[in-house]
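Asks: A single structure is presented below for examination.
Read the figures in this text as sums done on the coordinates, not as results from a lab. Just so it is clear, the structure is predicted and the values come from calculations on it, not from any experiment. Note that we place each Cβ from the backbone using ideal geometry, even for glycine, and neighbour counts take in every protein chain shown.
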Amino acid sequence: MINFSAAGSQKNKNSDTKTVTENSIPSETSAKTELIWKKFLELLSDSLKAGEINTWFSVIVPKSFKDNVLTISVPSEDYYSLIESRYNKIISSITESLLGPEGKLNL
């Protein structure tokens with residue numbers, strides 16, 4: 001799992017999150033998870049242009065929200081690396097403001 005938090009990001013090779021490549025949110029995803037992800041994207045739009053959000057974040061799928069951790073899926077590790085290198089500070093800031101200082105965004 002990869003954690004975006006106020007302190008930065010870290011990788012854990014023991015991820016059990018499956019990659020989803022479709023834009024739709026799976027039906028088993030809770031309404032709360034969907035709401036948090038929607039709010040995350042709204043906050044992201046305060047810092048990024050719509051084109052950047054559509055290019056980099058439209059293929060990300062929220063999976064679950066539990067214990068102040070929002071778990072999402074990305075198409076690949078390479079895709080994650082590009083997002084991390086470009087947007088880590090913004091994502092960390094949004095994660096802290098949305099989920100609090102102990103909140104995390106797991107990939």
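Asks: Could you check the spin-label model distance between Lys49 and Leu35? Points 7 Å from the Cα along Cα→Cβ, value in nm.
Replies: 3.4
Asks: Grab the other residues whose beta carbon is less than 15 angstrom from that of Ile90, score K and R as +1, D and E as -1, and report the net.
Replies: Computed value for this residue: -1.
Asks: Using amide H atoms built in the peptide plane, which far-off residues or other-chain residues are under 5 Å from Lys63 H to H?
Replies: Those qualifying (amide H under 5 Å, at least 5 residues apart or on another chain) are Thr71, Ile72, Ser73.
Asks: Between Asn88 and Glu42, what is the label-to-label distance in nm when each label sits 7 Å out along the Cα-to-Cβ direction?
Replies: 2.9
Asks: If a/c stays under 1.5 just call it rounded; otherwise compare a/b with b/c (prolate if a/b is bigger, oblate if not). Do that for the range 39-86, with a ≥ b ≥ c from the square roots of the Cα gyration tensor eigenvalues.
Replies: oblate
Asks: Taking the Cα centre of the range 29-106 as origin, work out the dipole magnitude from +1 charges on Lys and Arg Cβ and -1 charges on Asp and Glu Cβ, in debye rounded to 20.
Replies: Details: 9 positive and 10 negative charges, 33 e Å.
So the dipole magnitude of the range 29-106 works out to roughly 160 debye.
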